[in-house]
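Participant: Okay, handing you the structure first.
The values are calculated or read from the model by the stated rules, or taken from the named source; none is laboratory data. Just so it is clear, the structure is predicted and the values come from calculations on it, not from any experiment. FYI the Cβ positions are ideal-geometry reconstructions off the backbone, even for glycines, and counts take in every protein chain you see. Accessible surface is based on the protein model in full, side chains and every heavy atom, while ligands, DNA and RNA are left aside. Shrake-Rupley method; radii C 1.70, N 1.55, O 1.52, S 1.80 Å.
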Amino acid sequence: MEPSPPPTGNPFEAYRQRRLLLIERMTRGGGGIAVIPTAPEQTRNRDTQFPYRADSYFQYLTGFIEPEAVLVIAVGRGDAAPQSILFCREKNLEREIWDGFRHGPEGAREVFGFDAAHAVGELDAKLVELLTDQPALWYSIGHDAGWDGRIAVALNKLRAESRTGKRAPATIRDVRAELDTMRLVKDATELAVMRRAAEISTGAHIRAMRFVAPGRFEYEVEAELLHEFRRHGCEYPAYTSIVAGGANACVLHYVGNDQVLKDGELLLIDAGGELGGYASDITRSFPVGGRFSGPQADVYALVLAAQAAAIAAVRPGATFVEPHEAALKVLAQGMIDLHLLSGSLDGVIESESYKRFFMHRTSHWLGKDVHDAGEYKEGEHWAPLAPGMVLTVEPGCYIRPADDVPAAFWNIGVRIEDDAVVTAGGCEIITLAAPKTIADIEALMRDARGNS
């Protein structure tokens with residue numbers, strides 16, 4: 001499946017095309033009706049709520065970001081045409097004074113191109129009617145207990161009317177499985193947004209490199225990242241930023257971000273902005289004082305070489321695991337060469353002794369979610385890469401103190417991560433603007449300090 005060209009005219013045309021593609025897939029699967037709710041609002045504490053973020057699957061098909069909304073896609077019964085139906089909040093001018101603009105059903109139908117739209121309060125009653133005589137219900141059981149119960153009530157009401165000749169869907173199919181496959185290959189509209197998110201995020205990493213100095217706190221650096229994300233239009237960070245100095249860099253998901261940065265240590269930053277519902281994901285590791293020590297440079301050069309090997313393996317027809325295997329061979333040999341491990345390359349890989357210093361995979365899918373939708377295997381085989389897929393490439397090496405580890409390497413944590421779009425000829429690294437060679441990093445930090 002190739003990424004589609006960008007739509008022209010209506011900015012919401014891409015969403016309509018995705019709904020039509022889902023209808024095609026549902027039709028091939030025997031038809032039926034899909035129910036796809038957005039995410040609920042979440043209370044942070046007392047009467048304060050977290051910033052609202054629509055469900056990724058719902059947003060992917062609609063572009064609609066208001067809460068309390070549900071998309072129903074009905075593949076036609078008999079001669080009826082397929083329909084995309086939105087249920088959303090009604091217009092309410094008084095509530096808009098407090099909470100902001102609402103499209104309302106009619107406005108949403110006109111703007112977003114739905115076939116029909118209704119007030120969300122009508123959903124439960126209309127759902128029984130929409131389910132009637134449909135061969136299958138396409139819904140993701142188990143993701144939301146409240147919605148599971150709501151669906152069960154509708155089905156049971158319909159089953160109770162079986163003597164009138166009405167039939168409930170005989171099967172339930174996971175609509176997310178179809179959407180996961182669709183979301184794996186990004187269309188041109190998605191790729192354009194992801195490139196811009198990457199551009200903003202690389203700028204944030206450059207800003208952080210320029211700002212870092214001994215004596216500053218990790219949270220001060222985090223503030224620089226957040227400032228750069230927001231001032232260029234990112235709605236949120238795509239995930240909680242990791243700003244990990246010294247030993248903290250050896251904690252994979254460190255988010256405390258409250259320690260002082262010290263000269264002579266490395267700083268690992270794993271951070272990316274979210275723009276238009278799409279994530280960027282970048283990691284850079286660099287010296288707080290502006291210059292790598294000898295052992296730091298050795299480990300950094302090893303991880304950078306492993307990343308280069310992995311990037312070279314990202315191409316159409318390769319499997320998802322091949323970049324990881326390429327990076328692993330470089331890392332394992334480097335660990336032997338640095339006397340972190342002993343034995344042969346094959347022995348280190350077979351015994352998995354390398355996992356002491358490299359314990360995660362090299363890649364994950366990237367898109368609307370930072371760990372995006374999509375299977376990594378097809379049956380027993382790793383998924384093949386195809387143009388339009390987007391994945392991270394992020395090898396690392398994390399060295400904690402131990403009696404059998406040379407002290408010069410203690411508390412060195414390095415991860416280098418970029419975002420790769422699979423292309424017809426290989427891949428495009430859309431986060432390349434963030435410096436990552438030792439020379440480029442040191443030059444940037446030297447320039448920021450005005451030193452020669």
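Participant: Going through ALA402, ALA309 one at a time, which residue ends up being open to solvent by less than 60 Å² (accessible area, probe 1.4 Å), under 24 Å from THR202 (Cβ atoms) and hydrophobic (A, V, I, L, M, F, W, C)?
Facilitator: Values: ALA402 fails: under 24 Å from THR202 (Cβ atoms).
When all the criteria are applied, what remains is ALA309.
Participant: Considering only residues that are crowded, with 17+ Cβ neighbours inside 10 Å, in contact with a Ser or Thr (Cβ under 6 Å, 6 or more places away or on another chain) and of a type outside the set (Val, Ile, Thr), which ones fall in the range 25-82?
Facilitator: Selection gives ALA54, ASP55, PHE58, ALA69, LEU71.
Participant: Scan the range 233-254 for residues that are of a type in the set (Val, Ile, Thr) and out of contact with any strand residue (DSSP E or B) (no Cβ under 6 Å at 6 or more places or on another chain) and jot them down.
Facilitator: Looking only at the range 233-254, we keep the residues that are of a type in the set (Val, Ile, Thr), and these are 240, 242-243, 251.
Once the filter is applied, which keeps residues that are of a type in the set (Val, Ile, Thr) and out of contact with any strand residue (DSSP E or B) (no Cβ under 6 Å at 6 or more places or on another chain), the range 233-254 yields THR240, VAL251.
Participant: Separate question: From the list ARG356, ARG291, ARG315, exactly one residue is open to solvent by 40 Å² or more (accessible area, probe 1.4 Å) and touching a helix residue (DSSP H, G or I) at 6+ places or on another chain (Cβ under 7 Å). Which is it? Give the derivation first.
Facilitator: Values: ARG356 fails: touching a helix residue (DSSP H, G or I) at 6+ places or on another chain (Cβ under 7 Å); ARG315 fails: touching a helix residue (DSSP H, G or I) at 6+ places or on another chain (Cβ under 7 Å).
Only one candidate qualifies: ARG291.
Participant: Right, another one. Checking ALA402 against (1) free of Cβ contacts under 8 Å to residues at least 40 places away in the same chain; (2) touching a Cys at 6+ places or on another chain (Cβ under 7 Å), which single condition isn't satisfied?
Facilitator: Only one criterion in (1) free of Cβ contacts under 8 Å to residues at least 40 places away in the same chain; (2) touching a Cys at 6+ places or on another chain (Cβ under 7 Å) is unmet by ALA402, namely (2).
Participant: Same structure, new question: Report every pair of residues separated by at least 6 positions or lying on different chains whose Cβ atoms are under 8 Å apart, first residue within the range 322-351 and on the phi > 0 side of the Ramachandran plot, second assigned to a helix (DSSP H, G or I).
Facilitator: The qualifying pairs are GLY343/ILE336; GLY343/SER351; GLY343/SER353.
Participant: Something else about it: Take the residues in the range 232-255 that are in a loop (DSSP other than H, G, I, E, B) and among the polar types (S, T, N, Q); name whichever of them is least open to solvent (accessible area, probe 1.4 Å).
Facilitator: In the first step, residues of the range 232-255 are kept if they are in a loop (DSSP other than H, G, I, E, B); the result is 232-235, 238-241, 251-255.
Now restrict to residues that are among the polar types (S, T, N, Q): 240-241.
Working: THR240: 86, SER241: 2 Å².
In this case the residue turns out to be SER241.
Participant: Determine if the range 383-398 includes at least one residue that is on the phi > 0 side of the Ramachandran plot, crowded, with 21+ Cβ neighbours inside 10 Å and not in a strand (DSSP E or B).
Facilitator: The first filter runs over the range 383-398 and keeps only residues on the phi > 0 side of the Ramachandran plot, leaving 388.
Retained after the next criterion (residues that are crowded, with 21+ Cβ neighbours inside 10 Å): 388.
Add one more test, that the residue is not in a strand (DSSP E or B), and what stays is 388.
Checked the range 383-398: at least one residue is on the phi > 0 side of the Ramachandran plot, crowded, with 21+ Cβ neighbours inside 10 Å and not in a strand (DSSP E or B).
Quick grid of which residues meet (1) within 23 Å of the chain's Cα centre (by Cα); (2) among the aromatic types (Phe, Trp, Tyr); (3) within 18 Å of ALA108 (Cβ to Cβ):
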| residue | (1), (2), (3) |
| --- | --- |
| ILE23 | no, no, no |
| GLY29 | no, no, no |
| THR38 | yes, no, yes |
| ASN45 | no, no, no |
| THR48 | no, no, no |
| TYR52 | yes, yes, yes |
| TYR57 | yes, yes, yes |
